[in-house]
Each structure stands twice: as C-alpha cells, then as structure tokens.
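Notes for the one structure printed next.
What follows draws every value from the coordinates through simple rules; no lab data is involved. Note that this is a predicted model, so its numbers are computed, not measured. All Cβ positions, glycine included, derive from the backbone under ideal geometry; neighbour counts span all protein chains shown.
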Amino acid sequence: MQSEFYSLTTNWVIFIAITVAIATVWLYRMGKATVTTQVVVGIAFMGLIALMHWGFAGAHFFPANISGGLFFLIILGGALAINILLYITSWKIFNQLTQETIQLVQGLRVFIGGGFLMEGVLNIIPGWFSIMDGFMHIASGFFALVAAIAYVKKHSLNNKLLWLANIIGITDITVIVTSICFVVWADLGPHHNMHYIVFGAGPVLLWLHFVSIKKLMNNEEH
C-alpha cells in the first residue's frame, strides 16, 4: 500500500479536501458571511487538512491496533461535534442558501467516487469495496446535480428530487463509514488516506444534508 500509487492517490484526496474547503468558503460567501468569517473558515479548513495529513500520513493519530468499532464511535463523535458547531455558529448563514447552491457542492462527490474507483484499480482498497464506494458517491453527486437543475427549472418534482438526493446521500455516508469500520477495517486500518474524506469532507456533506432537509421541511409546513 505504501507505493508510489498510494502517494498519488493521497495527493488526490488532499486535492478533493482542498476543493471542498474552497466550496465551503464559497457557501459562506453566498450566505452573505463577512469577509472575516470567510477567511477564518478557510484558514480553519486548511489547518484541518494539514493536521490530517500529519496525523494520517505519519500514523500519529491512533494506535495501529485500534478497533473498527472504537474508530466508528470517534467518527460519529467528530461528525456530531462539527455539525453542532456549524449549527451554533453558522445556521443563519446557511439558511440563506438556495437549494441549488447546496446541491451543487454535493455534486463534488462524483470526484470523490472517481478517486476511490482508482484506488480499487490500484489495489489500494478492496476492488468490490471501491466499486460500491465509488458508485455510491457518484450516484449521490449525480442526483444532487439533477435535483439542483430541477429546482432551478421549478420542475413539478423538484421537492421529491431533493428528498431523493438527500436520502441517497445520507445512505451513502452511512453505508461507507459503517463498511470502513466493520467490513474492510483489516484492509484499511486507522491511517488510510480514505480518512481524509471521512474526517474532512464527510462532516461538511452531512451538514449540507441537514440544511437541505431542514429547508425542505420548513417549506412543507407553509
């Protein structure tokens, strides 16, 4: 796994993490956040990426023998903490975003899926898992973009497509994280480059699902 190909795919996931960071700052801008807030968010996200690279590439974060179950709890705790923080500090900003803006960022998942398909071809992750992971991410991104177009076009099915996109996206996150920790844990372990996405982009994408669903529910109540 510690081959030139592994290093190249690590560069790919870092690139994706940076892309999601830039997209997140763009969302803050679209939500009319102050320039100071945008700069702070950008610096925080880049700092997180640097920390993840130090921790995962250098195997500094977790002991090698940590169990998948404990790792799963750490992922859940981290995602919950980040989403609570975003809700407390940024709900008003994200609530101003339109559905198509939110879904456009979710569309970046097609690139995450493509990256993990590459890892399967290169035997960096199990082939069957890369196919499942890759296509689930690609499907999530694809349906998010379809929902965004339908919303802009005011299609009669736009709300149903938004619900579908969110359900597929949340299912994707749930299945992949669970599979990492309980099915392919022996192949990946606690310092694999997949975790750049799990701990970096993952909580942000989950947050965007929450925002989108909350807006959908609020619209249905009126």
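Net charge near residue 122, counting Lys/Arg +1 and Asp/Glu -1 over other residues with Cβ under 15 Å of its Cβ? Can you show the working numbers first?
On the way: positive: none; negative: 4, 119, 133, 187.
Result for the neighbourhood of residue 122: -4.
Is it possible to state the helix-based mean residue ellipticity at 222 nm for the chain, with each DSSP H run of 4+ residues giving -39500 (n - 2.57), the sum divided by total residues, to the nearest 500 deg cm²/dmol? What is it? Don't skip to the answer; put the middle values down first.
Values: 9 runs with 169 residues, N = 222.
Result for the chain: -26000 deg cm²/dmol, rounded to the nearest 500.
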Task: Separation of the residue 157 and residue 85 label points, Cα + 7 Å toward Cβ, nm - done: 3.9
Open item on the list: Within a 10 angstrom radius of the beta carbon, how do 205, 108, 76 rank from fewest other beta carbons to most?
Closed with: 76, 108, 205
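Would you order 177, 152, 204 from fewest to most other beta-carbon atoms within 10 Å of each residue's own beta-carbon?
Numbers: 177 18, 152 13, 204 21.
Result, fewest neighbours first: 152, 177, 204.
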Task: Top positive-direction residue, dipole computed over the stretch 4-221 with Cβ charges, set 11, 178, 159 - done: 159
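Kindly put 214, 154 in sequence by how many other C-beta atoms sit within 10 Å of each C-beta, fewest to most. Display every interim value, and only then the final one.
Details: 214 14, 154 7.
In increasing order of surrounding Cβ atoms, one gets 154, 214.
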Open item on the list: Run the simple label-point estimate for residue 217 and residue 187 please: 7 Å along Cα→C-beta, distance reported in nm.
Closed with: 3.6
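A 23 angstrom limit on the alpha carbon distance is what I want to check against. Which of 154/215; 153/214; 92/153 exceed it? Before the final figure, lay out the partial values.
On the way: 154/215 16 Å; 153/214 21 Å; 92/153 26 Å.
The answer is 92/153.
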Task: Read-out Rg/Rh (Cα atoms, Kirkwood Rh), derived from the coordinates shown; its label in [x] 0.93; [y] 0.99; [z] 0.97 - done: [z]
- [ ] Rounded to the nearest 0.05, what FRET efficiency do residue 36 and residue 6 give with R0 = 35 Å and r taken as the Cβ-Cβ distance? Could you check?
- [x] 0.35
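At R0 = 22 Å, how high is the FRET efficiency between residue 51 and residue 170 if r is their beta carbon distance? Nearest 0.05 is fine. Could you put the intermediate results ahead of the total?
Working: r = 26 Å, r/R0 = 1.20.
It comes out at approximately 0.25.
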